[in-house]
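Novice: Supplied in structure tokens, the structure appears directly below.
Values in this text are rule-based calculations from the coordinates and carry no lab data. Keep in mind it's a predicted model, so treat the numbers as computed, not measured. When we count neighbours, we look across all protein chains shown, and the Cβ atoms used for this are built from the backbone with ideal geometry, even at glycine.
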Amino acid sequence: MSNSGRVKGEVAIVTGASLGIGKACAEMLAREGAAVAVTDVLVKEGEELVASIRKAGGTAEFWKLNVADEANVQSVMNEVASKFGKISILVNNAGISGANKPTHEITSDEWNKVMGINVNGVFFCTKHALPHLMKNGKGSIINLSSIYGLVSAPDVPPYHASKGAVRLMTKTDALIYAPNNIRVNSVHPGFIWTPMVENFLKESGNLDAGKAAVGSLHPLGHLGEVDDIAYGVLYLASDESKFVTGTELVIDGGYTAH
């Protein structure tokens, strides 16, 4: 497996790693030398990903993880640390888009479901990875927010609220844990061609027309690809970004430059 080893010797946990952006991050971190804990509720896809990483010469293991369940999060973090000897990178990627209706029509259950995964999930994973990162003496936490953690749009209110929360949680933890040499940054993707975006566009009708319309919202004129995000995550995970903490890496084809 040829790589420049940008994260060689590191141990990375990626949540929501079975598909989409999480999968691309897991593959790239493994390719660059990290041992990767692939975690997700999607078991079959996660195990297939681990098999393909291993086939390519990388190191990976799968854990079934529901990030909204704190006890599950704590035990998985401890198992990963015990399996690989440490934890040095956490990629909080697991997320759902949730109910797409105006605020006055959203039920508290619909709201709480999004918060449970997108906000509590980031909190639980960060909380229970931190003791391991502190023990390691350094670490990098990368939280997947969104362009909608920076600006908004007249749709999916719970999603937008959740991604704004992730942006501020990132800054707070960056300040608290800087003395521990733990860096915490957020990544803000524009529309990336993933199963989540595909399903979102399918719901709105014509897939091809939707893809073109959403692409045109970005000054570069098209949707992004999962590796566009994974390269950013790799940078933040590596020592190349050793002076970067508490900030936003915006990878959005110019969407938020308007």
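Novice: Say the cut-off is 31 Å between C-alpha atoms; which of K44/K86; K211/K242; K64/K163; K101/K138 go over it? Could the numbers behind the result be given before it?
Specialist: Details: K44/K86 26 Å; K211/K242 37 Å; K64/K163 24 Å; K101/K138 42 Å.
Where the Cα-Cα span goes over 31 Å, the pairs concerned are K211/K242; K101/K138.
Novice: Test of understanding: in a Gaussian network model of the chain with alpha carbons linked when under 10 Å, which of A37, A161, A153 would top the mean-square fluctuation ranking?
Specialist: Highest fluctuation among the options: A153.
Novice: Residues with amide H under 5 Å of S146's amide H, sequence separation 5 or more or different chain, H placed in the peptide plane at 1.01 Å from N; which?
Specialist: none
Novice: Another one. Starting from the Cα of K202, draw a straight line to each of the aspartates and glutamates and keep only those under 16 Å, dropping any in the same chain fewer than 8 residues away.
Specialist: Answer for K202, where 16 Å is the Cα cut-off: D155, listed by chain and number.
Novice: Considering the Cα trace of region 147-258, what is its radius of gyration and what is Dmax, both in angstroms?
Specialist: 15.5, 51
Novice: Can I ask one more? Calculated FRET efficiency, E198 and H258, Cβ-Cβ r, R0 22 Å, to nearest 0.05?
Specialist: Values: r = 25 Å, r/R0 = 1.11.
Here the calculated transfer efficiency is 0.35.
Novice: Which trypsin sites (Lys or Arg not before Pro) in region 193-258 pass both tests, a DSSP loop state and at most 11 other beta-carbon atoms within 10 Å?
Specialist: Details: sites: K202, K211, K242; in loops: K242.
Loop-located and lightly packed - K242.
Novice: Here's a follow-up. Can you show me the helix-derived [θ] at 222 nm for the chain, built from DSSP H runs with n ≥ 4 at -39,500 (n - 2.57) apiece and divided by the number of residues, rounded to the nearest 500. Could you put the intermediate results ahead of the total?
Specialist: Values: 9 runs with 119 residues, N = 258.
It lands at -14500 deg cm²/dmol.
Novice: Under a Cβ-only charge scheme (Lys and Arg +1, Asp and Glu -1), can you give me the dipole magnitude of the chain about the Cα centre, in debye to the nearest 20?
Specialist: On the way: 22 positive and 26 negative charges, 152 e Å.
That gives the chain a dipole magnitude of about 740 debye.
Novice: What ranking do L42, L144, L168 get, fewest neighbouring Cβ atoms within 10 angstrom at the top?
Specialist: Details: L42 16, L144 26, L168 12.
By the 10 Å Cβ count, ascending, the order reads L168, L42, L144.
Novice: Work through the residues other than A230 whose Cβ is under 13 Å from its Cβ and net out their charges, Lys, Arg +1 and Asp, Glu -1. Present the calculation step by step, with values, prior to reporting the outcome.
Specialist: Details: positive: R6, K23, R31; negative: E27, E32, E225, D227, D228.
After counting each charged neighbour, the total is -2.
Novice: Now for a separate question. Could you pull out every residue, at least 5 positions away or on a different chain, whose amide H is within less than 5 Å of the one on V184? Hs are placed 1.01 Å off N in the peptide plane, and Pro or chain starts have none.
Specialist: Distant-sequence amide H within range of V184: I141, G246.
Novice: Compare L175, L223, L19 in a GNM of the chain, Cα atoms joined below 10 Å, and give the one with the largest fluctuation.
Specialist: Most flexible of the set in this elastic network: L175.
Novice: Also: Taking the Cα centre of each part, how many Å lie between region 215-258 and region 5-58?
Specialist: Spelled out, the Cα-based centre of one part sits 20 Å from the other.
Novice: What number does the chain give for Rg over Rh if you use C-alpha atoms and the Kirkwood radius? Before the final figure, lay out the partial values.
Specialist: On the way: Rg = 17.4 Å, Rh = 18.3 Å.
My calculation puts Rg/Rh at 0.95.
Novice: Just add up the charged neighbours of N72: K/R +1, D/E -1, any other residue whose Cβ is under 11 Å from the Cβ of N72.
Specialist: Details: positive: K64; negative: D69, E70, E79.
Its environment carries a net charge of -2.
Novice: Next up: Efficiency by 1/(1 + (r/R0)^6): what FRET value for S216 and L42, r their Cβ-Cβ distance, R0 = 35 Å, to the nearest 0.05?
Specialist: Details: r = 31 Å, r/R0 = 0.89.
According to the calculation, E is roughly 0.65.
Novice: Still on this structure, I have one more. Under 10 Å, Cα contacts only: if you run a Gaussian network model on the chain, which one of V91, V41, V50 comes out with the highest mean-square fluctuation?
Specialist: Comparing V91, V41, V50 in a Gaussian network model of the chain, the most mobile one is V41.
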